[in-house]
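The values are calculated or read from the model by the stated rules, or taken from the named source; none is laboratory data. Only a predicted model underlies this, so the values are computations on that prediction, with no experimental measurement involved. Methodologically, a virtual Cβ is constructed for each residue, glycine included, from the backbone with ideal geometry; neighbour enumeration extends over all protein chains shown.
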Amino acid sequence: MLVSAFLVAQSFAQQQALTWQELKAKFEAVNPTLKAAQDNIAESHAEEITAYLRPNPDFTLTADGTQLAPYQGTWRPLAGTFYSPGFSYLHERRHKRELRLQSAQQTTDVTISQYADQKRGMIFTLRNAFVQTLQAKAVLQNARNNLEYWDRELSVNKSRWKNGDEAEVDYDRLLLERVQFESDYETALVNLRTAKISLLQLLNDRTPIEQFEVTGPFEYSDELKTLEELRTLALANRPDLKAAVESVALAKTNYDLAVANGSTDPTFGAWYTHNGSFNNPNAYNTLGLSVSIPLRIFDRNQGEKTRTKIDITRNERLRDAAQAQVFNDVDSAYVTLQSALNLLRPYRKDYLSLSTAIRDKVAFAYQRGGASLLDYLDAEKAFRDTRLAYINLVGSYLVAAAQMNMAVGEEVFE
């Protein structure tokens, strides 16, 4: 039983080590803000049904000729009553119903694109939280390695002190330096827990922090598409630009609908009566027909026509602004990526290995009396600063890559 429980717990812990794709899929499935935004699309689809509804016919029942008071001693109240049922129906001209449906459908298209744009921004937030978690893990591992290295150095120098090869005050200074390593480790541990809490909040997850883990490569790639390729991808994929283009089409449809609504709609009527006709005493069963046409003396829709026409121009300007924003976002992200790569390349090529070599050489020289304690501590600090700067630069690169993904509208960097 204990073995089974252990295996279940181990399997659960392994399931919580989420990759980026698994994390994104879970986010899209459970995030309450995204789920609420999806309801907006469902509501817009429901409004399409309402927009395409036909007018209902009207039914009228008329009763007339009922005698209210006796006349010359005779009172037959229902003898002269006749009943006349009738129907009428409003006929909509100029394709009003079809234009209402088209407008509702285009509104749904805009809503879908706006949802995709909202999702794009939230995925960027999730990606940042994911990168911060990976970066916090890398910093924590670096702090752990530094602490383990310093403990080994303390062990060596303690033996030297006991053997009389090192002054006690120098060993005490080395021992005191351990406080900085411990502080770095505890700070990195707190930062990692904070980053995990942010991820769990976005996932709407109540999993204990100790059982939640993410995994993924924390490194950079020299491969980078050209700026023109990225611009082309952005113009094809950006949902906010797509929503702006669809809004222009919607504005044109609304203008056509406003023009159609300015036309008059006739109402056709028909009724049946069972009574004598004044012109034909034998016509007890009669049929009546009518057509009611509003007289369009005044155009009561001219204001809506003007408004919708102006709205077309407004949406065209917003579309142009959205396109300019796409270029701005791509160009800014591209420059940031290039800057990060320019800083990272010399670190991988020279600085990391150089800082390690300097630290090891100075440590070797210090243990043999060829370097001062201050030189040793400076070399160790330079090594730690270089390693930490590299980790932070990789994190900046990954954030810039996420920014480029958001600017393009698809994952060009996974």
Does segment 327-340 include one or more residues that are surrounded by fewer than 16 Cβ atoms within 10 Å (Cβ to Cβ), in contact with a Leu (Cβ under 9 Å, 6 or more places away or on another chain) and among the hydrophobic types (A, V, I, L, M, F, W, C)?
-> yes
Test: Ser339 is among the small types (Gly, Ala, Ser) and either farther than 30 Å from Val412 by Cα or in contact with a strand residue (DSSP E or B) (Cβ under 8 Å, 6 or more places away or on another chain) (or both) | no
Is it fair to say Ser332 is under 30 Å from Glu229 (Cα atoms) and either small (Gly, Ala, Ser) or without any contact (Cβ under 8 Å) to a residue 12 or more places away in the chain (or both)?
-> yes
Determine if segment 85-105 includes at least one residue that is more than 56 Å from the chain's Cα centre (by Cα) and either buried (at least 17 other Cβ atoms within 10 Å of the Cβ) or assigned to a loop (DSSP other than H, G, I, E, B) (or both).
-> no
Assess whether Asn145 counts as being polar (S, T, N, Q) and either crowded, with 19+ Cβ neighbours inside 10 Å or on the phi < 0 side of the Ramachandran plot (or both).
-> yes
Check whether at least one residue in segment 392-407 is crowded, with 19+ Cβ neighbours inside 10 Å, over 30 Å from Ala236 (Cα atoms) and within 44 Å of the chain's Cα centre (by Cα), and report yes or no.
-> no
Would you check if Ser88 is farther than 30 Å from Thr264 by Cβ and at pLDDT 90 or above?
-> no
Does Ala46 satisfy the condition of being within 50 Å of the chain's Cα centre (by Cα) and over 21 Å from Ser263 (Cβ atoms)?
-> yes
Checking Thr33 against (1) surrounded by 16 or more Cβ atoms within 10 Å (Cβ to Cβ); (2) closer than 30 Å to Val412 by Cα; (3) polar (S, T, N, Q), which single condition isn't satisfied?
-> (1)
Residue list for segment 37-85, restricted to those being among the β-branched types (Val, Ile, Thr) and either at pLDDT 80 or above or closer than 30 Å to Phe27 by Cα (or both) = Ile41, Ile49, Thr50, Thr60, Thr62
Just one of the numbered conditions (1) farther than 30 Å from Tyr115 by Cα; (2) in contact with a Phe, Trp or Tyr (Cβ under 7 Å, 6 or more places away or on another chain) is not true of Glu219; which one?
-> (2)
Of the conditions (1) surrounded by 11 or more Cβ atoms within 10 Å (Cβ to Cβ); (2) among the acidic types (Asp, Glu); (3) not in a loop (DSSP other than H, G, I, E, B), Glu210 clears all except one; give me its number.
-> (1)
Matching entry among Ala251, Ala244, Ala260 (being at pLDDT 95 or above and in contact with a Lys or Arg (Cβ under 7 Å, 6 or more places away or on another chain)) = Ala244
Considering each of Glu380, Glu410 in turn, give the residue that is surrounded by 16 or more Cβ atoms within 10 Å (Cβ to Cβ) and of a type in the set (D, E, K, R).
-> Glu380
For segment 284-310 the number of residues that are under 39 Å from the mean Cα position of the chain (by Cα), surrounded by fewer than 11 Cβ atoms within 10 Å (Cβ to Cβ) and not in a helix (DSSP H, G or I) is 0
Output for segment 166-196, where each listed residue is crowded, with 17+ Cβ neighbours inside 10 Å, farther than 25 Å from Val214 by Cβ and of a type in the set (Asp, Glu) = Glu166, Glu177
If Ala371 satisfies every condition in (1) farther than 23 Å from Glu148 by Cα; (2) not in a helix (DSSP H, G or I) but one, which is the exception?
-> (1)
Selected residue [under 45 Å from the mean Cα position of the chain (by Cα) and either under 24 Å from Glu210 (Cβ atoms) or free of Cβ contacts under 8 Å to residues at least 60 places away in the same chain (or both)] from Asn163, Asn146 = Asn146
